Amino acid sequence: MTLTLLTGLGLTRRETEVALWLAQGKTNAEISVILNIGVRTVDKHLEHILDKLCVENRTTAAIQIVRALAAVPTFEKA
């Protein structure tokens, strides 16, 4: 569900994975270890995320990602 929501923002699957970790406050180096990819690759994914979300920095991107996730209704069992 989460991946589908963020890919709906125009992000690729890998960009979505990077965005989710970004929204949790991880650094590029930490994300590279978690996803088993190079730091430069994370840098490039982050560059694409910033462009696609029309923001200038990682903090604003993280805020938009968290807001997008918070907008998803959750259904609780009665």
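The values are calculated or read from the model by the stated rules, or taken from the named source; none is laboratory data. Nothing here was measured: the structure is a model prediction, and the numbers come from that model. Note that each Cβ is placed from the backbone with ideal geometry, even for glycine, and that neighbours are counted across all protein chains shown.
Within the stretch 35-47, being assigned to a helix (DSSP H, G or I) and exposed (fewer than 13 other Cβ atoms within 10 Å of the Cβ) holds for Arg40, Glu47. Here Leu50 qualifies as assigned to a helix (DSSP H, G or I), modelled with pLDDT of 90 or more and of a type outside the set (Val, Ile, Thr). Considering (1) modelled with pLDDT of 95 or more; (2) outside any loop (DSSP other than H, G, I, E, B); (3) closer than 17 Å to Leu9 by Cα, the lone condition that Ser32 does not fulfil carries the number (3).
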